[in-house]
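The values are calculated or read from the model by the stated rules, or taken from the named source; none is laboratory data. All of these numbers come straight from a predicted model, not from anything done at the bench. Cβ atoms come from the backbone with ideal geometry, glycine included; neighbour counts cover every protein chain shown.
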Amino acid sequence: MLLFRANIAHFPHATVNFGDDIQVIQDGGLVVEGGKIVAIGDYAQMRRTYPDAELNDHSGCWILPGLIDSHLHYPQTQSIASYGDQLLSWLENYTFPTEMQFSDLSHAQKVASVFIQQLVKNGTTTGLVFSTVHKEACDALFTAASQLDMALIAGKVCMDRNCPEELRDCPTSAQKDSAALIDRWHNQGRNRYAITPRFAPTSTEAQMASLGELAQQYQDVYIQTHLSENVDEINWVKSLYPNATGYLDVYDQYHMVRERAVFGHCVHLTNDEWQRMADTGATVAFCPSSNLFLGSGLFDNAIAKQYKVPVALATDVGAGTSFSMFSTYGEAYKISQLNKQPICPLEGFYMMTQGAAIAHQWDDHIGNLNSGTDADFIIVSPRYCELTSLRIEEHASFSDMFFALSILGAQRAVKQTWISGRCCYENKENNHAMA
Ligand SMILES: [Zn+2]
């Protein structure tokens with residue numbers, strides 16, 4: 001049994017009142033055993049209740065739930081920060097050539113390993129991840145995540161048109177390979193599967209129908225794809241699917257708009273589409289750094305709130321420019337400033353922890369530090385350099401500390417990342433906890 005001593009912040013339950021409902025414990029104690037959180041409270045009280053627990057003293061640091069990145073592409077670890085295109089040409093020029101290399105299993109295994117390391121270094125303990133079209137590349141990712149007992153949602157990309165021949169599957173093989181991966185990985189350990197059409201333009205109607213059948217057959221499996229990212233893309237979808245009333249309706253016609261369906265971007269949805277998202281329980285993955293990088297547009301968080309559609313934050317690596325969820329909130333804040341409706345730090349924190357876990361129906365295991373949940377958490381040491389020591393006062397509020405780290409870029413602030421009660425990453429250079 002381990003007892004962690006530090007300040008603690010998390011959202012114990014669902015809320016829209018972020019300031020009232022966050023639980024902040026100064027000099028807190030978190031008790032962990034057997035991969036689970038056993039108890040949370042004041043340090044002194046936890047020490048008295050669990051006198052035999054081994055102490056991990058991180059006084060002056062913060063314990064937060066492991067962060068959740070709700071949309072990213074593991075093969076694009078390799079093409080992050082490539083210059084100068086908007087969505088459709090970016091796919092042609094960078095994404096497709098990169099993804100072709102994943103027909104080589106050893107290449108896939110190498111990138112999967114780097115990818116998982118990047119997640120834990122940044123304090124991300126759960127991702128909703130797109131693989132490539134190759135079934136074995138998806139196996140490689142789940143295998144790498146399983147080695148850390150990481151709670152991962154992932155899927156093989158399905159696409160059978162408007163992409164290079166080498167990256168095409170077909171309606172039959174997309175269904176068969178996805179079903180085989182569901183049987184092998186879904187609910188095995190902490191893995192979960194997502195049916196993953198890349199986006200409407202790269203699937204024929206026949207493929208969408210075959211994936212829709214699969215979605216109906218496996219109601220508890222996730223669905224992840226892209227939606228209304230870019231204006232040219234939306235016009236293209238209209239020409240490819242003349243019978244659909246809009247972009248969302250393409251997925252809707254094939255039973256893929258529902259709970260556990262996570263739509264990346266949603267920058268240009270119509271009001272009818274927002275209403276339909278709300279009625280079906282679907283979730284938005286808001287990818288601010290990607291939207292800025294590809295010039296896609298400014299996501300309107302206020303309208304999502306108006307329609308009560310859950311919004312989870314996401315990096316969208318490699319069009320996204322950082323694996324850090326802290327930095328991703330920093331970019332979300334800048335977009336919301338341009339929309340004149342700033343997203344406050346506590347809301348940003350909610351969108352990468354408990355809010356995301358609730359949207360993905362997984363908050364009984366991840367996203368918070370309630371007793372009984374899985375022991376996925378991070379230790380953040382905010383005053384890790386001269387600048388942050390100057391900017392972030394020793395007794396700064398959680399909100400101020402979190403905001404400053406998000407704007408200044410916080411990768412080095414992550415001191416340790418714990419998954420299922422095991423330390424998976426330690427930044428040995430960050431020993432400034434007591435400063
Ligand atoms: Zn994406």
*How many of the residues making up the stretch 376-398 are part of a helix (DSSP H, G or I) and closer than 30 Å to G35 by Cβ?*
1
*Got at least one residue in the stretch 211-218 being aliphatic (A, V, I, L, M), away from the ligand (no atom under 16 Å from the Cβ), surrounded by fewer than 24 Cβ atoms within 10 Å (Cβ to Cβ) and more than 11 Å from I195 (Cβ to Cβ)?*
no
*Does Y222 satisfy the criteria of being at pLDDT 95 or above and within 16 Å of the ligand (Cβ to nearest atom)?*
yes
*Give just the number: which of (1) more than 16 Å from the ligand (Cβ to nearest atom); (2) closer than 14 Å to F199 by Cβ; (3) in contact (Cβ under 8 Å) with a residue 40 or more places away in the chain; (4) not small (G, A, S) does E229 not satisfy?*
(1)
*Identify the single condition in (1) buried (at least 23 other Cβ atoms within 10 Å of the Cβ); (2) away from the ligand (no atom under 16 Å from the Cβ); (3) within 17 Å of the chain's Cα centre (by Cα) that P345 does not satisfy, given that it satisfies every other one.*
(3)
*Can you tell me which of A304, A314, A332 is within 13 Å of the ligand (Cβ to nearest atom) and under 22 Å from T225 (Cα atoms)?*
A314
*Would a scan of the stretch 237-247 turn up a residue that is surrounded by fewer than 24 Cβ atoms within 10 Å (Cβ to Cβ), closer than 22 Å to G212 by Cα and within 16 Å of the ligand (Cβ to nearest atom)?*
yes
_Filter result (more than 20 Å from Y350 (Cα to Cα) and surrounded by fewer than 22 Cβ atoms within 10 Å (Cβ to Cβ)) within the stretch 1-31_ = M1, L2, R5, D27, V31
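For every residue, the table says whether it meets (1) buried (at least 24 other Cβ atoms within 10 Å of the Cβ); (2) in contact (Cβ under 8 Å) with a residue 40 or more places away in the chain; (3) among the β-branched types (V, I, T).
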site: T124; (1), (2), (3): yes, yes, yes
site: F130; (1), (2), (3): yes, yes, no
site: C158; (1), (2), (3): yes, yes, no
site: N162; (1), (2), (3): no, yes, no
site: A179; (1), (2), (3): no, no, no
*Take R391 and decide whether it is over 23 Å from G41 (Cα atoms), among the basic types (K, R) and touching a Gly at 6+ places or on another chain (Cβ under 9 Å).*
no
*Residue check, S389 against (1) crowded, with 21+ Cβ neighbours inside 10 Å; (2) of a type outside the set (F, W, Y); (3) in contact with a Lys or Arg (Cβ under 9 Å, 6 or more places away or on another chain), all met but one. Which one?*
(1)
_Can you name every one of the helices (runs of 4 or more DSSP H) wholly within the stretch 1-94 that holds 1 or more residues which are more than 16 Å from the ligand (Cβ to nearest atom) and either farther than 25 Å from T417 by Cβ or over 25 Å from the mean Cα position of the chain (by Cα) (or both)?_
18-21, 43-49
*From (1) farther than 30 Å from D363 by Cβ; (2) in contact (Cβ under 8 Å) with a residue 60 or more places away in the chain; (3) of a type in the set (D, E, K, R), pick out the condition that doesn't hold for E92.*
(2)
